[in-house]
Amino acid sequence: ETGVTQSPTHLIKTRGQQVTLRCSSQSGHNTVSWYQQALGQGPQFIFQYYREEENGRGNFPPRFSGLQFPNYSSELNVNALELDDSALYLCASSLAQGLDGYTFGSGTRLTVV
Amino acid sequence: GENVEQHPSTLSVQEGDSAVIKCTYSDSASNYFPWYKQELGKGPQLIIDIRSNVGEKKDQRIAVTLNKTAKHFSLHITETQPEDSAVYFCAASKGAGFQKLVFGTGTRLLVSP
């Protein structure tokens, strides 16, 4: 059974650019959530996808968007990057009912300069 | 919305001592309370969780207690070992699977040999 894998592990972008982060969910999991973790803080919920539809969103602007594919993998897209977008972006997968909790990937460290 | 407070922010103990981390939550509808351990450069790892129909849960040296009336829950680690050193996060969620996790601000635990 594979865990949650994220790519890339590290990324440096310039303010104003766009970025796409990728996540492969754990085998058997059909729900994917994305979290932003600023340095020294707890993760903050961005949004969740289930069966290719967004079914919950946190307090993030529309320039944060996502996709989920039929194989349950997911992408997080951020447009018009700002310096404050620098953070660790975490993907978490779960079963639809959260019966076994959420499994997190190791994250993508995004630095915006 | 839900708010989760976590204390202390840092905790230093000697190897073999016990460690206790406490969290309070604001939304009485929350019904799922996981604890995560995050090591440097890694994503959060689920170590134990509890649901609102249970008051206590144990797994070897780790236990979690839940007081629904007071809206607080605690993580207890006994016989601490240096490898327990990490940042620990509590979280709260309502619903099952589709709902977001709201995290505390984290506790940095340092276990000295």
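Results, tabulated for the structure shown:
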{"item": "Computed E for A:Thr2/A:Gln41 - FRET, C-beta separation, R0 35 angstrom, nearest 0.05", "result": "0.80"}
{"item": "The protein assembly as shown - Cys residues lacking any other Cys C-beta under 4.7 Å", "result": "none"}
{"item": "Evaluated at q = 0.19, 0.23, 0.26 Å⁻¹: base-10 log I(q)/I(0), Debye formula over Cα of the stretch B:1-66", "result": "-0.93, -1.28, -1.43"}
{"item": "Loop GluC sites (Glu not before Pro), the stretch A:25-113 (other Cβ atoms within 10 Å of the site Cβ: 15 or fewer; DSSP)", "result": "A:Glu52, A:Glu82"}
{"item": "Among A:Asn79, A:Asn59, A:Asn30: highest mean-square fluctuation, GNM of chain A, C-alpha pairs under 10 Å", "result": "A:Asn59"}
{"item": "B:Val54/A:Thr14 FRET efficiency (R0 35 Å; Cβ-Cβ; nearest 0.05)", "result": "0.10"}
{"item": "Cross-link pairs B:Lys22/B:Lys71; B:Lys42/B:Lys94; B:Lys37/B:Lys71; B:Lys71/B:Lys94; B:Lys22/B:Lys68; B:Lys37/B:Lys58 - those with Cα-Cα distance over 18 Å", "result": "B:Lys42/B:Lys94; B:Lys37/B:Lys71"}
{"item": "FRET E, pair A:Asn77, B:Thr69, Förster distance 25 Å, beta-carbon r, rounded to 0.05", "result": "0.05"}
{"item": "Interface burial for B against A (accessible surface, 1.4 Å probe, total of both chains, Å², rounded to 100)", "result": "1600"}
{"item": "In order through the stretch B:13-25: 3J(HN,Hα) via Karplus (6.51 cos²θ - 1.76 cosθ + 1.60), integer Hz, x for Gly, Pro", "result": "9, 8, 3, x, 6, 9, 10, 10, 10, 10, 9, 10, 10"}
{"item": "Distant alpha-carbon pairs in the protein assembly as shown (separation over 30 angstrom), percent", "result": "23"}
{"item": "Segment B:Ser9-B:Arg108, extension gain: residue separation times 0.36 nm, minus the distance between their alpha carbons", "result": "35.0 nm"}
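The values are calculated or read from the model by the stated rules, or taken from the named source; none is laboratory data. If you're wondering where the values come from, they're calculated on a predicted model, not measured in any experiment. FYI the Cβ positions are ideal-geometry reconstructions off the backbone, even for glycines, and counts take in every protein chain you see. Note: areas computed on protein heavy atoms with side chains; ligands, DNA, RNA excluded. Shrake-Rupley method; radii C 1.70, N 1.55, O 1.52, S 1.80 Å.
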